[in-house]
Amino acid sequence: MKKILVTGALGQIGSELVEKLRETYGTANVIATDIRANDAALAKAKGPFELVDVMDEAGIFSIAKNYQVDTIIHLASLLSAKAEITPRLAWNVNMGGLINALQVARVLDLQFFTPSSIGAFGPSTPKYHTPQDTLQRPTTMYGLSKVAGELLCDYYFKRYGVDSRGLRFPGLISYAAPPGGGTTDYAVDIYYGAVKEQAYTSYIAEGTAMDMMYMPDALNAIITLMEANPEKLMHRNAYNVSAFSAGPEDFAAMIRKYIPTFTLNFEVDPIRQNIAESWPNAIDSSAAVNEWGFKSKYDLAKTTKEMLEKISVKLG
Ligand code: AKB
């Protein structure tokens, strides 16, 4: 049975991952941590929770040691759009937090997971069928930190034997906790707009395709990779994974099957549009499929049906 410490546990991935890990491994075996003091009381009511800043290596170490965890899932990081506004902070948090968490994993001999992103690619990367091993010259601070992070995880595996694993996530779509500061956030906001106002104004231009994935597929991918036979993992940090590729007009067309009056407008944000244009349109997940059996269940149609249903219930 695993005992897992999760950093960034109150974020978009963390809030659903902690719940799923607790269903899988037991509530007491998943220690949620985050820097957000405002939500601590609510989080504590659901299971073990500790406040910690990922910049505080000693703090992460003492939580990992006290709870005798065997795994760290390190999620805390600034997303792409936020990182472009505060690049220095993004470098410090994304790289500083990662090396602190890796160092704790090294000293305590823990298994380790951290997400990379399609943001680890850049304009010179092939746009379609983006291979697992290809040119990675990102032009964003987020992308820089993700490539460096992938290499740092490789280094900790090769040099110190840390069982580090990772995924290059596409835009993640979920209804439980809001994303914050990402370029792909529109793919969540569009569903809220559809349910609340039958309309949405997109900051990403028509015709800009990016890889996407519904959160349950992302959670399954994390757990399957962490459970996978290490001998099969040729690319531990980090695997391309995608469920579908879509642009704003594709989401709108699918939403209109349920809400025919839905209208999509555009007010393009140059910062996020530039980031989106520097990323691939559709990556190739075959290394993940071949090495540890990655599968996704939700295409755009299934994601749209479920997002609209769940958000309608949530908003009453
Ligand atoms: C972002 O948009 O920054 C993230 C990502 C694709 O890594 N959702």
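Values quoted throughout were computed directly from the atomic coordinates according to the rules given, and no laboratory measurement underlies them. Here the structure is a predicted model, which is why all the values come from computation and not from measurement. When we count neighbours, we look across all protein chains shown, and the Cβ atoms used for this are built from the backbone with ideal geometry, even at glycine.
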message = Apply the a/c threshold of 1.5 to the C-alpha gyration tensor of the stretch 1-80 and tell me whether it is rounded, prolate or oblate.
response = rounded
note = Under the 7 Å Cα-to-Cβ spin-label approximation, Ile85 and Asp56 lie apart by a distance in nanometres of 2.6
message = Which log10 I(q)/I(0) values does the stretch 1-149 give at q = 0.13 Å⁻¹ under the Debye formula, counting every alpha carbon as one identical point scatterer?
response = -0.60
remark   = Packing-ranked peptide list from 51-61, 26-36, highest mean Cβ count within 10 angstrom first, is 26-36, 51-61
remark   = Filtered hits (lysines, Cα-Cα < 22 Å from Lys302, offset >= 8 within chain) -> Lys20, Lys196, Lys257, Lys310, Lys314
task = Sort largest first and round to whole Å: the equivalent ellipsoid semi-axes of the chain, each the square root of five times a Cα gyration tensor eigenvalue.
result = 30, 22, 18
query = What ranking do 6-15, 113-122 get when scored by the average of other Cβ atoms within 10 Å per residue, highest first?
reply = 113-122, 6-15
query = Once the mean 1/r over all distinct Cα pairs of the stretch 249-316 is inverted, what Kirkwood radius in angstroms do you read off?
reply = 15.1
query = According to the Kirkwood expression over distinct Cα-Cα pairs, how big is the hydrodynamic radius of the stretch 53-124, in Å?
reply = 13.1
